[in-house]
Amino acid sequence: MLIGLYLGIVRVGSASWTHTVELLLTDWYFVGAVAAGFGSQVGLFSHLRRLLRQNGGIRSATVMASGGTATSTTSMVACCLHHLAEVLPVIGLSGAAVFFTTYKVPVILFGLATNALGIGMMVRAIRHHHQTGTRGDRGHIFPGHDPAEVGPDTLQLQVTGMSCASCVSSIEGAVGNLPGVASVAVNLNAGTAVVGYNAGTVTASQIKKAIRDLGYEASERLEGASMMDREREARQLEVTRQGRWMLVAWPLAMLVMVGTFQDVWILPRYVPQFLGYPLLLFALTTPIVFGPGWQFFVNSYRGLRHGVADMNLLYATGIGAAYLIAVINTFWPGAGFGGPEAVFYEAAALLTAFIILGRYLEALTRGRASEAIRKLMSLQPKVARVIRGDAEVEIPSDEVEVGDLILVRPGERIPVDGLVLDGYSAVDQSMLTGESMPVEKRAGDEVIGGTMNKTGAFRFRATRVGRETALAQIIKLVEDAQSSKAPIQRLADLVAGKFIFWVHVLSLAVFLFWFFVGYGLFFSPETRLMLTPYTLAGVGVFGFALLISVAVLVISCPCAVGMATPSAMMAGTGKAAEHGILFKGADAVEAASKLTAIVFDKTGTLTRGEPAVTDVLPAPGINEADVLRLAAAAEVNSEHPLGEAIVRGARDRGIRVESPETFEAIPGHGVVAQASGCKVLLGNRRLMAERGVAIQGMIAAAERLEGEGKTVMFLAADGRPVGLIGVADTLKPHSVEAVRLLHTLGLEVTMLTGDNRRTAEAVARQLGINRVLAEVLPQDKATEVKALQARSHRVAMVGDGINDAPALAQADVGMAIGSGTDIAKETGHVVLVKDDLRDVVTTIEVARATMRKVKQNLFWAFIYNTVTIPVAAGLLYPWTRQMVSPELAAFLMAISSLTVTMNTTLLKRFVPSLRRQPEPAAIGATMAPVAGVQS
Amino acid sequence: MPGRGLMRHAGALGALLALGAAAAFTLAASGFGPVARYGGAVWVFILTWIILMPVLAPWLKERRAA
């Protein structure tokens, strides 16, 4: 039975109310304690909350802990009270009361703010109490309750209608202010909002309503194809909507522009005079302002209702002011706005047209940004051929269940993850892992859903379906990464959010300056609008100051600032996913770009993690094969890793391994066996010494191998030495190349291992690593990473994600390598799907390229604002006598967005350095340089 | 999310302060023609109100919460 513990926190408006409320609560507590039945309790609780609100503007919040089973509500209430008595001092509450029902225990606390901080403190206090409570086990306090379940829920929303960074700021502000919301991250490009909230305090509907009230549309994100369908539909709708408005705005705006400049240059020859009549211009511009432009007025009104000044307001004031001046000059030419020669219809019309163009381009860009996810989703085939009885049945891939037998033919995609039962084929996994060559699959091998079967047919048993498949997990990771925010983006959003406010302040200041000071000092009848032959000789002081003020408003739009980071992040994480590199968040991309040191776990990361035969040195007159055959026969029944390595080594060389007649393992020494008609000894020096085998002739060779970090075993047959075998952990292919490339990137490379120093240094020498941390216990790996960080290094830890988990978590960037299909289980910030160390290099290159793009985008976005705002404010006017027209301001604003978009698009052409050069021969492959294994 | 009452309150207070700013502008612009004086006052009112709304709403909220 599920138990929900509700902790209601009631904040009291003023201190004087505290006592009253406390009394009320106490009374109600007793009433509640004796009352029976769920309904009456809820009624009491609701009534109390209503009462409290009426008596002091009190707001309430709820923290919910769920899970476990309780057999007695009475003991539950007692436990809660007891528990809270310990928690209260921690979080500084002034009192508490508990109401209980059969299954739920709402607890009202007061004296604590209901904001995210307060709730966070409460959650931490409960967790802390559970972890450190001294009275009995935690089960005593909350029977069967897992404190890990106390915490915020996550709501993923699809938000449409956002156009710029200020929209992000508005939504984050509005949702973040809701009681019970712990965190909120809005991504402009992805059109998503991820909200962490306490379900007992605020509901998903309230969160969505808060967003809708601002004028945006919010709906819960669906999963998989449905999500993509809805997203595509919403985006398509926006593209269509803005496209339709463009069809209205642009032709009319062009007519207005031609009409306005009818008497300029060669136009009188081609443009009829009537096109320049103010009344016709009025008739052409009005549908633009009240058609395509109306959305800005509506949205700015919605925003203002909630105290939000966003980009729509800038547009609305800009368009509105230009239109109004034109209308006044048309119908009341003597009003002092410049007269009939200063009808700025083209300003209002072109301003609207350019803004609509910007919106249209943004809608298109956002569609392209999630291309990586769509590409991944398209990998899953729609149908699977499942074997039911003797028949093959085609069913939708979504309906495949674990254990189903599936047949895959050449040229078909594999529908879900599974294990090959029979058949043989080569599978192209490049779309998921980035591996360029198809991978052979035979019985017992794992296949990944979404990959392409190339040559043969095979049957496999489904092991993971639906959300559990590697493809689904990869999509989830890419989605999460694209929805998250890098620190640099938070800064950009913050700047853009505050920007609107300061732009209005600047606009007002500029207006006042030019009205009272500038016009009188600098105005000249030769005043022109930039890049036009249009003079403003008749413009009055108000019209002049207003034009400059409006131009400042329009030119300041931080649309490009808002797009700069998310668009590059989406492109970068998508590009990384193409190479089998999965960033778990945008912050990981930023952190990876700043790395200065890389720490590699040795075993299983740089090396294969299993010993292999590296050297076979036979005694004179004996060949290598005989040495291996005898040794393998002696070890064939052994379970020791060294013995297994010898047997595997023999079989790999095509030697038939016989079974021994007798076998005895001597711990710490080796083995004694009767095989191939002789008594075989295989072990270390001590074994040979004890059995009186003279190995002096082989000592020099043994010491040389040991110097290389290898483990040496002597072999004797019937008391005579026949050879020695060197065994070591082998390097993974590409380890040496990866280390070399990391050095060229300027990173300090460190190897971390629990092995002895001699072995570790031998491996490090082969890899070209100068810095070795040997004999480090697994629990101390994180400490070593911390020590590097203390030396001001930004450290990445590369490990297999199992025993390296603490170090991966401690590092600035934890890279879990070779995770194959177990993507979701991996710790760390980056998952490298392939077991290829060179992907560490690619990760850093992609991260650096992405951050380079982010910085370029931010530069282009800000440079437009920083350069054009002073120009729009009239800084150059005293010398040039030229002003920025509102339409030129809108054009520049659209150009800045376009520049950012185009610059981001260039990231798609990024190719990692490894792909730019022909595939080199594997360095340090299979049986190459070796390192010792502790026996 | 600030409540509707609070927003109305902020809106009204903002409008009042903006009106004050517009009135001050009108006085300061007494030497200009009526179009410039009153047109300017309207523009000052709009911008001041827009500037004040996002400032007043959180301020009132904090004040109410205190």
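The values are calculated or read from the model by the stated rules, or taken from the named source; none is laboratory data. All values derive from a computational prediction rather than experimental measurement. Cβ: placed from backbone, ideal geometry, glycine included. Neighbour counts: every protein chain shown. The accessibility values were calculated without ligands, DNA or RNA, using every heavy atom of the protein model including side chains. Shrake-Rupley method; radii C 1.70, N 1.55, O 1.52, S 1.80 Å.
When a 1.4 Å probe is rolled over the protein heavy atoms, the share of accessible surface on the stretch A:490-614 that falls to carbon and sulfur comes to 65 percent. Under the combined filter of DSSP loop state and at most 15 neighbouring Cβ atoms within 10 Å, the stretch A:603-701 retains these GluC sites (Glu not before Pro): A:639, A:658, A:661.
Under a 5 Å amide H cut-off, with hydrogens placed 1.01 Å from N, residue A:383 pairs with A:397 among residues at least 5 apart or on other chains.
Remark: the stretch A:206-214, residue by residue, has Karplus-estimated 3J(HN,Hα) of 5, 5, 5, 5, 4, 6, 5, 4, 7 Hz, where x stands for each Gly or Pro and the curve is 6.51 cos²θ - 1.76 cosθ + 1.60 at θ = phi - 60°. Solvent-accessible surface of the stretch A:733-881, taken per residue with a 1.4 Å probe and all protein chains present: 39 Å². Of all accessible surface on chain B at a 1.4 Å probe, what whole percent is carbon and sulfur? Taking all protein chains in place, chain B shows 71 percent carbon and sulfur surface.
Rounded to the nearest 100 Å², what is the sum over both chains of accessible area buried where B meets A, with a probe of 1.4 Å? Write down the numbers at each step before the final one.
Numbers: alone 4680 and 38820 Å², together 41050 Å².
Heavy-atom accessible area buried at this interface is about 2400 Å².
Other residues lying with their Cβ under 11 Å from the Cβ of residue A:604 contribute a combined charge of -3, Lys and Arg counting +1, Asp and Glu -1.
Ordering A:746, A:694, A:724 by the projection of their Cα atoms onto the charge dipole of the stretch A:680-825, which places +1 on the Cβ of Lys and Arg and -1 on the Cβ of Asp and Glu, puts A:694 at the extreme positive end.
Take the stretch B:16-66 with all the other protein chains still there, run a 1.4 Å probe, and you get 52 Å² of accessible area per residue. In whole percent, how big is the carbon plus sulfur part of the accessible area of the stretch A:641-702, probe 1.4 Å, protein atoms only? It is 51 percent, rounded to a whole number. Residues whose amide H falls under 5 Å from that of residue A:748, counting only those 5 or more places apart or on a different chain, are A:597, A:598, with hydrogens built in the peptide plane.
Relative to the Cα centre, the charge distribution of the stretch A:658-708, modelled as +1 at Lys and Arg Cβ and -1 at Asp and Glu Cβ, gives a dipole magnitude of about 160 debye. In the context of the full set of protein chains, the stretch A:499-607 has a per residue accessible area of 25 Å² (1.4 Å probe). Farthest towards the positive end of the charge dipole of the stretch A:498-618, among the residues A:567, A:614, A:546, is the Cα of A:546, using unit charges on the Cβ of Lys, Arg, Asp and Glu.
Amide H contacts for residue A:451 (H built 1.01 Å from N in the peptide plane; partners 5 or more residues away or on another chain; cut-off under 5 Å): A:414.
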